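Below is one structure, written out as structure tokens; the observations come after it.
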Amino acid sequence: MQKVATTSTNIRIIHASDFIRATPEGMLNLELSKKLLIELASATTSLVDYEIILDTRKTVVGMSVLDLWYLASELSNFSKVFSRKTAVLCPVESFDRAEFFALCAQNRGFPVRAFNNYEDAIDWLTASGK
């Protein structure tokens, strides 16, 4: 995890590779990823005063729409960590999937948006409002 400080906003970068794991076939290992997400969320409970960038740009795991929905639903178990803004940073070719994940999280009340540009993500995180 990297820490990026701005004048009025504290931002933490979480790399998806810290908790996303694949099967030998390259698909999401949902149970292991869920376990690692729980460990990561437990280690970051002190981040309640931070905005988060979830950087998925180097993640090469195949995820179904159901996997994305399930991971978004898991955010409810970590509401303290994800109660502030979360920007999902992804490559251009994965934007539709990241946007779907963000929509699923938004439907659960979490301020999540997808971006394929780091600067746009920072601009949104540091702007007032959601």
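The values are calculated or read from the model by the stated rules, or taken from the named source; none is laboratory data. Just so it is clear, the model here is predicted, and its values are computed rather than measured. Here the Cβ positions follow ideal geometry from the backbone for every residue, glycine too, while neighbour counts run over all protein chains shown.
Numbers for the structure displayed
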{"read-out": "Filter pass, Ala102 being modelled with pLDDT of 90 or more and either under 22 Å from Ser128 (Cα atoms) or out of contact with any His (no Cβ under 7 Å at 6 or more places or on another chain) (or both)", "value": "yes"}
{"read-out": "Some residue of the range 114-126 being at pLDDT below 90 and either in contact with an Asp or Glu (Cβ under 8 Å, 6 or more places away or on another chain) or not in a helix (DSSP H, G or I) (or both)", "value": "no"}
{"read-out": "The lone exception for Val60 - which of (1) touching a Cys at 6+ places or on another chain (Cβ under 6 Å); (2) exposed (fewer than 14 other Cβ atoms within 10 Å of the Cβ) it fails", "value": "(1)"}
{"read-out": "Scan of the range 74-98 for residues that are part of a helix (DSSP H, G or I), modelled with pLDDT of 85 or more and touching a helix residue (DSSP H, G or I) at 6+ places or on another chain (Cβ under 9 Å), ordered by number", "value": "Arg97, Ala98"}
{"read-out": "The range 108-129, subset under 14 Å from Ile13 (Cα atoms) and among the aromatic types (Phe, Trp, Tyr), residue surrounded by the most Cβ atoms within 10 Å (Cβ to Cβ)", "value": "Phe115"}
{"read-out": "Any hit, the range 91-107, residues being under 19 Å from Asp18 (Cα atoms), aromatic (Phe, Trp, Tyr) and free of Cβ contacts under 8 Å to residues at least 60 places away in the same chain", "value": "yes"}
{"read-out": "Of all residues in the range 61-93 being of a type in the set (D, E, K, R) and under 21 Å from Arg12 (Cα atoms), the one that is farthest from the chain's Cα centre (by Cα)", "value": "Lys80"}
{"read-out": "Scan of the range 80-107 for residues that are exposed (fewer than 15 other Cβ atoms within 10 Å of the Cβ) and either under 12 Å from Asp55 (Cβ atoms) or of a type in the set (Lys, Arg) (or both), ordered by number", "value": "Lys80, Pro91"}
{"read-out": "Subset of the range 51-71 [closer than 29 Å to Thr126 by Cα and either modelled with pLDDT under 80 or of a type in the set (Asp, Glu) (or both)]", "value": "Glu51, Asp55, Thr59, Val60"}
